[in-house]
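Working notes, beginning with the structure itself.
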Amino acid sequence: MTPPISVLMAVHNGQAFLAEAVKSVCGQSLSDFEFIIVDDASNDETPAMLAAAAAREPRIRLVRNDENLGLTRSLNKGLRQAQGRYVARIDADDVCLPHRLERQFAFMETHSGHVAVACGYHVIDEGGRLVRTHSEALDDWKIRWLGGFNPPAPHPTYFFRRTEGDGAPFLYDESFETAQDFDLWSRMWAHGMTQVLADVLIKYRRHAGAITFAKRKVQAASCKRTGLRNLEHRLPPETVKALAPLVALFAYEARADHATITAAVKGCDAMLAHDRGSAPTAGHYRWARRKTAGLLADAVLSRAGGLYSAPSLAAFACYARDYLPALFSATMAQPGLAVKSLRSAARV
């Protein structure tokens, strides 16, 4: 019988963490799945490791690229061969916790109006040590709000319906070298709701070789491309225009100065004025205000270098003063994320 879930991995030279990632999938509490692994022309020990794993595990289906196609094209190659109703993504440097598939499958089976669900996750370092944990549940409104700037969760947490309503498979846009997950998730919104579970079901590894580090500015440009499209769907044109300075700061395209900081704050004010009327509850609006404060601080202090410029830091404290209480609240709610943002400033 066709398994209900297709677990999808694409790997290129992933020998360092591959064995742990494969073991974590094969040891899931829900056992009815196929595991499609696309080897993107690896030239390290990855092919031998995968061949040995497939010999032990009949649920593994290996696909080998004769030439390096890159992550996006390799994932599409796997999606075209997938047979399950759902697709669960995992990367070769991450780890599925034992009940990952069971929990996400149960959610989708009982929420017919949803097209995708992500989950909470532990961030681990190269040695597997815990760095921080993200376990905030997000409903569809919050995810669409975040979609103006960032995806709702890391790619390996994604669990989604394999096909659109007409039966055509969801595929990644191959014009995206990075952040292809953000684009895919955003296009899924046309077909249903999405959710992020608070359940921590993934160990998400951050290390120097990861795309989010190695191609950080390329990733930011790709996120901007998708984020602008999402903002245009969610907000009036004049509000999107007002947000342009914040978007530029967030994409590493501008440096923090008095004029840019002032304009970015005005854009945030315009967005929140819209959100005050559109948020489904007062709690959603308070959440949006905290998130706006965090985005503004990340954009100005970290991505635009304002933390290391005394005039820019002073301008931020002056012009964004109305956001400082919400920023403090956001920092207390997610101190690990605040530390991450400050550390990233040193790498710009």
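The values are calculated or read from the model by the stated rules, or taken from the named source; none is laboratory data. Since this is a predicted model, take the numbers as computed values, not measurements. Cβ: placed from backbone, ideal geometry, glycine included. Neighbour counts: every protein chain shown.
Residue check: is T292 surrounded by fewer than 16 Cβ atoms within 10 Å (Cβ to Cβ) and β-branched (V, I, T)?
Here the answer is no, as T292 does not meet what is asked.
How many of the residues making up segment 97-120 are surrounded by fewer than 23 Cβ atoms within 10 Å (Cβ to Cβ) and out of contact with any Phe, Trp or Tyr (no Cβ under 7 Å at 6 or more places or on another chain)?
14
Which residue pairs have Cβ atoms under 7 Å apart, sit 6 or more places apart or on different chains, and have a first residue in segment 265-282 that is without any contact (Cβ under 8 Å) to a residue 12 or more places away in the chain and a second that is not in a loop (DSSP other than H, G, I, E, B)?
So the pair list comes out as R276/Y285.
Name the helices (runs of 4 or more DSSP H) wholly within segment 1-84 that hold at least 3 residues that are out of contact with any Phe, Trp or Tyr (no Cβ under 8 Å at 6 or more places or on another chain) and under 20 Å from H207 (Cβ atoms)? Steps first, please.
Numbers: elements: 18-26, 46-56, 71-81.
Where helices (runs of 4 or more DSSP H) fall fully within segment 1-84 and carry at least 3 residues being out of contact with any Phe, Trp or Tyr (no Cβ under 8 Å at 6 or more places or on another chain) and under 20 Å from H207 (Cβ atoms), they are 18-26.
Between a residue in segment 224-252 that is farther than 17 Å from I143 by Cβ and any residue that is among the polar types (S, T, N, Q) and modelled with pLDDT of 95 or more, which pairs come within a Cβ distance under 7 Å, given they are 6 or more apart or on different chains?
P245/T260; L249/T260
Quick check on this structure: which one of S312, S341 is part of a helix (DSSP H, G or I), at pLDDT 90 or above and either out of contact with any Lys or Arg (no Cβ under 7 Å at 6 or more places or on another chain) or surrounded by 21 or more Cβ atoms within 10 Å (Cβ to Cβ) (or both)? Outline the logic, then answer.
Numbers: S341 fails: at pLDDT 90 or above.
Step by step, each of S312, S341 is checked, and only S312 is part of a helix (DSSP H, G or I), at pLDDT 90 or above and either out of contact with any Lys or Arg (no Cβ under 7 Å at 6 or more places or on another chain) or surrounded by 21 or more Cβ atoms within 10 Å (Cβ to Cβ) (or both).
Kindly establish whether G283 is assigned to a helix (DSSP H, G or I) and out of contact with any Leu (no Cβ under 9 Å at 6 or more places or on another chain). So that I can check it myself, show each step before the final result.
Working: assigned to a helix (DSSP H, G or I): yes; out of contact with any Leu (no Cβ under 9 Å at 6 or more places or on another chain): yes.
Yes; evaluated as a whole, the condition is true for this residue.
Tell me which strands (runs of 3 or more DSSP E) are completely within segment 128-229 and hold 2 or more residues being farther than 22 Å from H284 by Cβ and not aromatic (F, W, Y), or say none if there are none. Spell out the reasoning first.
Values: elements: 130-134, 159-161, 193-205.
Fully inside segment 128-229 and qualifying: 130-134, 193-205.
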